[in-house]
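The values are calculated or read from the model by the stated rules, or taken from the named source; none is laboratory data. Everything numeric in this text was worked out from a predicted model, so none of it was measured. All Cβ positions, even for glycine, are placed from backbone atoms using ideal geometry, and neighbour counts span all protein chains on display. The protein model used for the area step is the full one, side chains on, heavy atoms only, and it has no ligands, DNA or RNA in it. Shrake-Rupley method; radii C 1.70, N 1.55, O 1.52, S 1.80 Å.
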Amino acid sequence: MTRRAAAERALSMPRSAIREIMALASTRENVIHLEIGEPDFSTPEHIITGAFNAVKEGFTKYTPNPGLPTLRAGIAEHVSNRPGCKVDPEQVVVTTGAVGGLFGALMAVTDTEDEVLVPDPGWPNYESIVHLAGAKAVRFNLDLKSGFVPSASQVETLITDKTKAIMINSPGNPTGVVFSHQTMKEIFELAGRYGLYVISDEVYEDIVFEGEHVSAASYGLEDQLFLISGASKSYAMTGWRLGYVICPSDLANVVASLQEPVASCAPSISQKAYEVALSADQNCVMDFREIYRRRRDVLVEEFGNTGLLPVVPAGAFYSLVNITDRHAKKGSLEFAKKLLLETNVAVVPGITFGPSCDHYVRVAFTTDDKALRKGLRILRDFIRHG
Ligand code: PLP
């Protein structure tokens, strides 16, 4: 007998178009990488030393499902330092990256056939996780005309009896947009009215250039909020796989219990390293932010007068670039492939982030200024003449 097929749930999981570009880029030499969504810095030395010390002290074993009590307390204190935020350690679950936190939150609140409102454009993993949870992703548009922020009245038209949660992401990937107090207020009013959970992905919270990061945790709704963040972007710790969820304590118990069969707990060594990251001075976070800001300014210098920047990014380390109607006819994936093959510059096709985004590609400021400037110039010329 031939063996049975792989699971339909696994095979039908939506997958990101970025894989095609990365696979193509890996076959070539001297590529300028504007596609990579992770900091290009090493983890700061004091955090690495903290990890080594933890290993020597014996932190090499399982931890409780929700994480080390000391780290849960450290995260609660860290988030409570923000204006209007009050978090208790029992509300904190330490997870395997923010992605583990998003997975835990969605698994904790969605049943089969529930609907989850997901931003378009938005990080493609949202849709994949909703799919794995057996629920259905319903896209809401981040409207270019309003600067890629959600419109509560438009979102409202998508709410049905099955809608369980809305996912938001500020600072945003791929837009670099930072939500204002007003936007957050409108989302929370809507969620409150319909009893929806808000799953707020704030993994880029420390990378804000203009204005301030407005955390969902300042908006009350203690009973309906899942705040997700972590170490990856703020401290250049992507490989340590360390994130967290903050939610009502009864749901934190659910999220923690879901970790048992999936990861048991976040890596103990990374948990200790993150304790060091949070308790030390935050100069490295500020230094990284300044570098991203400088690179963002390079982007504005190269693209500011072209009409090709839909918005000037105010946070995160990404920008969308408009590829114009001429290229958009063939779609952003074709454009990104052609750009790579003809010029050796790698970018992410906008279609990766949702059907509304096929007119764009995403560039990341995760390479040094010189390569970034060169790559952006090539991209600009290619959009015009390629
Ligand atoms: N959320 C967004 C919007 C991201 O862009 C990423 C990574 O690129 C993550 C979450 C995942 O972060 P982590 O490395 O902590 O899992």
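So, with +1 on the Cβ of K and R and -1 on the Cβ of D and E, and no other charges, what is the size of the charge dipole of the stretch 260-350 about its Cα centre, to the nearest 20 debye? Working shown, then result.
Details: 11 positive and 11 negative charges, 79 e Å.
Magnitude of the dipole: close to 380 debye.
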Expressed as a whole percent, how much of the Cα-Cα distance distribution for the stretch 104-170 exceeds 14 Å? 53 percent
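Let's see if you can work this out: charge +1 on each Lys and Arg Cβ, -1 on each Asp and Glu Cβ, no other charges. What is the dipole magnitude of the stretch 1-114 about its Cα centre, in debye to the nearest 20?
It works out to roughly 340 debye.
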Checked against the positive end of the charge dipole of the stretch 45-279 (+1 on Cβ of Lys and Arg, -1 on Cβ of Asp and Glu, about the Cα centre), the farthest of Thr60, Ile207, Ala133 is Thr60
Quick one: the Cα spread of the chain along its three principal axes, in angstroms, biggest first? 61, 57, 51
Can you tell me, using C-alpha contacts under 8 Å and at least 6 residues apart, the relative contact order of the stretch 322-386 as a whole percent? 33 percent
Under 1.5 on a/c is rounded, so check that first for the stretch 1-58, then, if it is not, pick prolate when a/b is larger than b/c and oblate when it is not; a ≥ b ≥ c are the square roots of the alpha carbon gyration tensor eigenvalues. oblate
Tell me the net charge near Ile159. Cut-off is 11 Å between Cβ atoms, Ile159 excluded, with +1 for each Lys or Arg and -1 for each Asp or Glu. 0
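Only four residue types carry charge here, +1 at the Cβ of Lys and Arg and -1 at the Cβ of Asp and Glu. Report the dipole size of the stretch 45-279 about the Cα centre in Debye, rounded to the nearest 20. If you can, show how the numbers build up before the last one.
On the way: 15 positive and 27 negative charges, 94 e Å.
Result for the stretch 45-279 is approximately 460 debye, rounded to the nearest 20.
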Charge dipole of the chain built from unit charges on the beta carbon (Lys, Arg +1; Asp, Glu -1), centred at mean Cα; most positive-end Cα among Ser234, Tyr194, Phe41 is Phe41
Helix-derived [θ] at 222 nm for the chain: sum -39500 (n - 2.57) over DSSP H runs of at least 4, divide by residue count, nearest 500? -12500 deg cm²/dmol
The stretch 191-213 and the stretch 317-357: distance between their alpha carbon centers, rounded to Å: 27 Å
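Excluding ligands, DNA and RNA, what is the solvent-accessible area per residue of the chain at a probe of 1.4 Å, expressed in Å²?
On the way: 16730 Å² over 386 residues.
Accessible area per residue, the chain: 43 Å².
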Angle in degrees between helix 249-262 and the longest Cα principal axis of the chain, rounded to the nearest 10: 70 degrees
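Give the carbon-plus-sulfur fraction of the accessible surface of the chain in %, rounded to a whole number; probe 1.4 Å, heavy atoms of protein chains only. List each step's numbers first, then the result.
Numbers: 8660 of 16730 Å².
After summing per-atom areas, the C and S share lands at 52 percent.
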When only C-alpha pairs under 8 Å and at least 6 residues apart count, what is the relative contact order of the chain, in percent? 25 percent
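I want the local charge near Pro64. Using Cβ-Cβ distances under 15 Å, sum +1 for each Lys or Arg and -1 for each Asp or Glu among the other residues. Working shown, then result.
Values: positive: Lys61, Arg72, Lys272; negative: Glu90, Glu260, Glu275.
Once all neighbours under 15 Å are counted, the net charge is 0.
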Taking Lys and Arg as +1 and Asp and Glu as -1, residues besides Arg326 with C-beta under 13 Å from its C-beta add up to +2
